[in-house]
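Presented below is the structure to which this report refers.
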Amino acid sequence: MKERALRIGKPTPLIGIASEPDNFNPDLPAVLILNSGVMHHVGTCRLSVKIARAIADKGLLVVRFDFSGIGDSEPRRGALSFEESSIAETREVMDYLQKTRGISQFILYGLCSGADASYCTGLADERVVGMMKIDPYCYRTWQYSLRYYVPLLFHMDRWQSFLSKKIARVVGGKKDKAPNEIAGVDEQYFEVPTYTRRFPPRDQVAEGLRKLVARDVSVFVAFTGGEPEYLYLNQYRQSFRDVDFRNLLRVDYYPEANHIITQLDYQPRIVAGIADWVLNVARGRIANPDANKTAAA
Amino acid sequence: MIPQFFGNADAPLYGVYLPPKATPRDAGVVLCYPFGQEYMRAHRAYRQLALLLSKKGYHVLRFDYRGTGDSSGDIEDGVTAQDWIDDVGLAVNELRESTGVSSIAVVGLRLGALIAGVACAARNDIDQLIVWDPILDGFEYEHELLQEISNEKPSMWGGPSSGNLHDTEGSIHFNGFRLTQKFRESMRKLSLRDARPTTVKKILQAVSHEAPGFTDLKAAWQSHPGYRYQLAPAPHDWNYVDNFGGILLPQPVIQAIVNAMD
């Protein structure tokens with residue numbers, strides 16, 4: 001495996017790192033690793049580097065790059081929102097790899113906002129054949145409510161906290177604290193992503209997932225214990241009962257891991273799981289490049 | 001910004017070179033990152049510092065030590081603090097050879113300041129050293145991290161813990177990064193108080209807050225004819241971790257460093 005720095009696009013290039021396998025095969029999908037929030041392409045806790053190297057060691061090209069204005073990529077002029085530019089720039093990297101390396105299939109990886117960008121780009125571009133998302137959009141089920149509210153009954157402090165927040169919102173119009181207020185840092189010295197994360201309506205996402213399934217896109221979603229809207233392994237499947245994923249969906253749940261996975265003992269497990277899944281998807285694609293009915297689950 | 005790999009071909013280091021955006025000076029600046037989550041959180045501030053310096057005509061190189069960031073390897077591969085000191089040397093040589101500048105300044109933040117200070121003391125070709133909220137020695141840094149771990153409160157209502165711990169093999173797990181026993185042992189040998197960067201012409205100790213350790217270093221270094229101490233009050237918790245990905249931009253210190261480069 002070798003690594004190479006990339007400058008993609010003019011006049012303001014996107015900066016990225018290609019992890020190139022020893023035996024490069026353009027018939028295999030390449031993997032693109034997207035930014036999480038304002039963290040640069042090294043990824044939270046250096047996870048993007050570890051994932052990229054693990055996948056490249058299995059024979060696939062991996063590119064982790066910074067969206068414009070994030071990390072090592074300078075801001076670009078234009079009026080596109082992050083939601084729009086993240087799709088456009090991911091496609092730009094795909095165009096670049098298609099032109100320079102002859103790659104026509106891509107698997108996208110992202111955590112949090114990177115997961116959202118993976119999903120949106122996957123819907124917009126048919127070259128996307130797989131997506132691996134950590135803490136992506138998720139939706140509550142009746143079991144979620146049961147698991148969330150019942151324990152409240154047995155913990156007076158949680159109950160009081162829950163009620164006081166609800167009352168404060170209704171009576172005083174109290175809003176959630178801004179990130180800088182939670183951090184206790186003056187706003188002028190604290191930068192947070194411009195992208196405000198809002199989960200689209202569930203039916204809209206279900207429709208999007210059906211489109212992806214119709215294109216045989218393999219989807220691997222993993223949830224951490226840091227995602228408060230997700231409480232048990234099968235929540236994703238249950239919240240999308242109206243989507244027939246066939247064998248295209250894998251769901252993992254890491255309740256002991258937090259959102260940015262600072263637990264070092266957890267990281268190798270997650271990295272290996274992603275690399276193995278990507279390899280299975282890639283093998284399925286190369287075995288059946290047209291119909292692509294085979295996928296990892 | 002020009003990303004590049006440099007150094008040993010078998011174990012390359014990643015750096016980002018920023019050419020001058022004003023009349024070029026015959027001078028370059030090497031930026032040395034802190035460690036771990038602090039590295040992640042300082043990336044934005046370093047990018048801004050690099051940009052401001054380039055607008056003053058400096059050639060700037062910020063780089064990742066081996067086993068960190070985009071550089072090759074992993075800290076678990078037996079990397080030591082001495083390796084990082086050597087990496088500062090490689091970065092200095094790279095900037096000097098690729099741009100032809102005569103004068104080099106080295107800036108380090110937190111653990112990066114300790115590494116930079118010791119690296120500069122071992123050379124005779126560095127013109128300016130800037131230590132920003134420096135870690136004074138390896139023992140102090142270990143103590144700080146271990147203290148943070150022991151002060152940590154269990155997560156509320158059974159949520160995931162941070163995973164911060166001191167494991168049985170002697171590694172410190174801290175906010176998603178590992179400081180191995182081997183690295184710790186090598187780091188303990190480093191001390192800014194003992195480092196004598198006598199050949200460095202100018203030294204700036206830029207601090208965002210007052211702390212006893214900063215005063216100790218001032219006492220140790222103030223006899224140096226080019227030494228200056230500057231307090232630029234600003235937030236300084238580089239280990240702050242949240243779910244929003246919020247990061248510090250302590251403008252007063254960044255500006256103090258840029259101003260010191262005149």
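The values are calculated or read from the model by the stated rules, or taken from the named source; none is laboratory data. Owing to the predicted nature of the structure, the values given are computational and were not obtained by experimental measurement. For neighbour counting, all protein chains shown are included, and Cβ atoms are generated from backbone atoms with ideal geometry for every residue, glycine included.
Values for this structure:
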| read-out | value |
| --- | --- |
| Residues (surrounded by fewer than 21 Cβ atoms within 10 Å (Cβ to Cβ) and under 17 Å from the mean Cα position of the chain (by Cα)) located in segment B:107-127 | B:121, B:122 |
| Scope segment B:116-132; condition outside any loop (DSSP other than H, G, I, E, B) and within 21 Å of residue B:27 (Cβ to Cβ); matching residues | B:116, B:117, B:119, B:120, B:121, B:128, B:129, B:130, B:131, B:132 |
| Filtered residues of segment B:50-63 (kept if within 11 Å of chain A (Cβ to nearest Cβ), in a helix (DSSP H, G or I) and either basic (Lys, Arg) or touching a His at 6+ places or on another chain (Cβ under 9 Å) (or both)) | none |
| Among (1) touching a Phe, Trp or Tyr at 6+ places or on another chain (Cβ under 7 Å); (2) closer than 18 Å to residue A:128 by Cβ; (3) of a type in the set (Val, Ile, Thr), the one test that residue A:224 misses | (2) |
| Cross-chain or 6+ apart pairs with Cβ under 9 Å, segment B:88-106 first and among the charged types (D, E, K, R), then outside any strand (DSSP E or B) and surrounded by 18 or more Cβ atoms within 10 Å (Cβ to Cβ) | B:94/B:7 |
| Residue selected from segment A:99-134 under the condition modelled with pLDDT of 95 or more and in contact with a Phe, Trp or Tyr (Cβ under 6 Å, 6 or more places away or on another chain), by the criterion surrounded by the fewest Cβ atoms within 10 Å (Cβ to Cβ) | A:127 |
| Qualifying residue in segment A:218-231 (condition: under 16 Å from the mean Cα position of the chain (by Cα), within 14 Å of chain B (Cβ to nearest Cβ) and free of Cβ contacts under 8 Å to residues at least 60 places away in the same chain) | yes |
| Residues being within 17 Å of residue B:84 (Cβ to Cβ) and either without any contact (Cβ under 8 Å) to a residue 60 or more places away in the chain or within 11 Å of chain A (Cβ to nearest Cβ) (or both) - total across segment B:14-32 | 2 |
| Considering residues of segment A:79-92 that are touching a residue at least 24 places away in the same chain (Cβ under 8 Å) and surrounded by fewer than 22 Cβ atoms within 10 Å (Cβ to Cβ) only, the residue nearest to residue A:9 (Cα to Cα) | A:92 |
| Filter result for residue A:262 (crowded, with 21+ Cβ neighbours inside 10 Å, closer than 22 Å to residue B:178 by Cβ and in contact with a Phe, Trp or Tyr (Cβ under 8 Å, 6 or more places away or on another chain)) | no |
| Breaking point among (1) modelled with pLDDT under 95; (2) surrounded by 14 or more Cβ atoms within 10 Å (Cβ to Cβ); (3) under 30 Å from residue A:69 (Cβ atoms); (4) not hydrophobic (A, V, I, L, M, F, W, C), for residue A:255 | (3) |
| Single residue of B:47, B:66 found to be touching a helix residue (DSSP H, G or I) at 6+ places or on another chain (Cβ under 8 Å), within 13 Å of another protein chain (Cβ to nearest Cβ) and either under 21 Å from residue A:67 (Cα atoms) or of a type in the set (Lys, Arg) (or both) | B:66 |
| Candidates B:35, B:6 - the one that is among the aromatic types (Phe, Trp, Tyr), within 13 Å of chain A (Cβ to nearest Cβ), closer than 22 Å to residue B:182 by Cβ and touching a residue at least 60 places away in the same chain (Cβ under 8 Å) | B:35 |
| Of the criteria (1) buried (at least 22 other Cβ atoms within 10 Å of the Cβ); (2) away from every other protein chain (no Cβ under 12 Å); (3) of a type outside the set (D, E, K, R); (4) not in a helix (DSSP H, G or I), which one residue A:277 fails | (4) |
| Of all residues making up segment A:246-258, the number that are closer than 22 Å to residue A:130 by Cα and either facing another protein chain (nearest Cβ under 7 Å) or touching a strand residue (DSSP E or B) at 6+ places or on another chain (Cβ under 8 Å) (or both) | 7 |
| Residue in segment B:141-158 that is within 14 Å of another protein chain (Cβ to nearest Cβ), among the polar types (S, T, N, Q) and touching a helix residue (DSSP H, G or I) at 6+ places or on another chain (Cβ under 8 Å) present | no |
| Lone unmet requirement of (1) of a type in the set (Val, Ile, Thr); (2) outside any helix (DSSP H, G or I); (3) within 14 Å of chain A (Cβ to nearest Cβ) for residue B:135 | (3) |
| Qualifying residue in segment B:159-168 (condition: part of a loop (DSSP other than H, G, I, E, B), away from chain A (no Cβ under 14 Å) and surrounded by 19 or more Cβ atoms within 10 Å (Cβ to Cβ)) | no |
| Of all residues making up segment A:66-78, the number that are on the phi > 0 side of the Ramachandran plot and either among the hydroxyl-bearing types (Ser, Thr, Tyr) or surrounded by fewer than 22 Cβ atoms within 10 Å (Cβ to Cβ) (or both) | 2 |
